[in-house]
1. Identify, please: which residue in the stretch 1-41 is assigned by TED's automatic domain parsing to the domain that holds GLU107 and among the small types (Gly, Ala, Ser) and is, among those, nearest to GLY127 (Cα to Cα)?
2. Which of the residues belonging to the stretch 294-305 are free of Cβ contacts under 8 Å to residues at least 24 places away in the same chain and loosely packed, with under 15 Cβ neighbours inside 10 Å?
3. Filter the stretch 70-121 down to residues that are under 22 Å from the mean Cα position of the chain (by Cα) and among the aromatic types (Phe, Trp, Tyr), then give me how many there are.
4. Would you please list the contacts, defined by Cβ atoms under 8 Å and residues six or more apart or on different chains, that run from a residue in the stretch 51-71 that is within 12 Å of the ligand (Cβ to nearest atom) and in a loop (DSSP other than H, G, I, E, B) to a residue that is aromatic (Phe, Trp, Tyr) and at pLDDT 95 or above?
5. For the stretch 247-262, give me each residue that is within 16 Å of the ligand (Cβ to nearest atom) and hydrophobic (A, V, I, L, M, F, W, C).
6. Tell me the strands (runs of 3 or more DSSP E) entirely within the stretch 131-235 that contain at least 3 residues that are without any contact (Cβ under 8 Å) to a residue 60 or more places away in the chain.
7. Please state which one of VAL101, VAL23 is assigned to a strand (DSSP E or B) and not hydroxyl-bearing (Ser, Thr, Tyr).
Amino acid sequence: MSIPEVKKIWMNGQLVDWADAKVHLLTHALHYGSGVFEGIRAYATPRGPAVFRLTDHLERLHRSAKLYYMEIPYTTPEMARATKDLIKANELEHCYIRPIVFRGYGEMGLYPLAAPIDVAIAVWPWGTYLGDEGIKHGVRAKVSSIQSLDHHSISPLAKACGQYLNSILAKIEVVKSGYEEAIMINDHGHVTQGTGENIFMVRRGGIFTPPISAGILDGITRETVMEIAEKMGNAVVEKDFTRAELIHADEAFYTGTAAEVVPIREVDDRLIGEPGPVTRQIQGVFHEIITGTSEQYDHYLEYVND
Ligand code: PMP
């Protein structure tokens, strides 16, 4: 998806012009994927733009950095302030937000601890990742032949740049075969997640999602959906499940910041169907939250103009 240009990008504490937000060719992260990042969204609300769970995302960024021995030279509140200032500077009502922390220029090789840690935040207006049709009617998903990352290698629990090579392979494979999103399976044959989304299924009234131990990112949308479901009186059960169980599901959906809550219409050419009642209800509450019309969940919105 192409990136619409805006005016400013925040880089190492400064607002720079969009065209000047550059790095050297010998930036460590460009060669080895040695960076961590976040994907966050700000939404238009009656009180102006508001960032959904900004602090929680920035805390996850710090946790991802810790896993890779990187110390971010800015605190979560400092980065939250920078994000809000950047949205204001670009006069955006809603946008996608991409903070990135990476090993910069000055060191090569696989012992990079002396490389500088660069920090940047970019924002741009971005439509829903799997499309409006997908949100309304569901997407066609296919199990990828590319296996999920496991805990013995690159941890799925961090949001690290290099690990997305795995997701990119899976995404290209299924899109080239005519599907919209992949379903990843781990070493044990259990469903883990999409390439950039968590996954849920509804079977005989119960709602299920794979546990962290299956090898997933601890998605912030996932956590929000679990809270919504619990308050609806139908708590999500974290449980391993197989591709066959997913094919037999009554409903299934992906969750993620970029994608939001997206029904899955088909799995491996078997029909799950149009979005069912549980998916619709969760989508409805999620929509209220992000548009700033839910008092109960207002604490999840961090208002840019506050
Ligand atoms: N899994 C993966 C692999 C992802 O990249 C993402 C997107 N960050 C998610 C799940 C969903 O996480 P979140 O709801 O925090 O965006």
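The values are calculated or read from the model by the stated rules, or taken from the named source; none is laboratory data. The structure displayed is predicted, hence computed values, not measured ones. Using ideal geometry, Cβ is built from the backbone for each residue, glycine included, and neighbour counts are taken over all protein chains shown. When the accessible area is computed, the model is the full protein with side chains, heavy atoms only, and any ligands, DNA or RNA have been set aside. Shrake-Rupley method; radii C 1.70, N 1.55, O 1.52, S 1.80 Å.
1. Ranking the qualifying residues of the stretch 1-41, first place goes to GLY39.
2. GLU295, ASP298, HIS299
3. Final tally of qualifying residues: 3.
4. Hits for this filter: ARG53/TYR300.
5. Those that are within 16 Å of the ligand (Cβ to nearest atom) and hydrophobic (A, V, I, L, M, F, W, C): ALA252, PHE253, ALA258, ALA259, VAL261, VAL262.
6. Details: elements: 139-143, 181-183, 198-203, 206-209.
Filter on the stretch 131-235 gives 198-203, 206-209.
7. Details: VAL23 fails: assigned to a strand (DSSP E or B).
The match here is VAL101.
Every residue, every condition in (1) at pLDDT below 95; (2) open to solvent by less than 30 Å² (accessible area, probe 1.4 Å); (3) under 27 Å from PRO263 (Cα atoms), yes or no:
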| position | (1), (2), (3) |
| --- | --- |
| TYR96 | no, yes, yes |
| TYR111 | no, no, no |
| ALA122 | no, yes, no |
| ASP150 | yes, no, yes |
| ASN166 | no, no, yes |
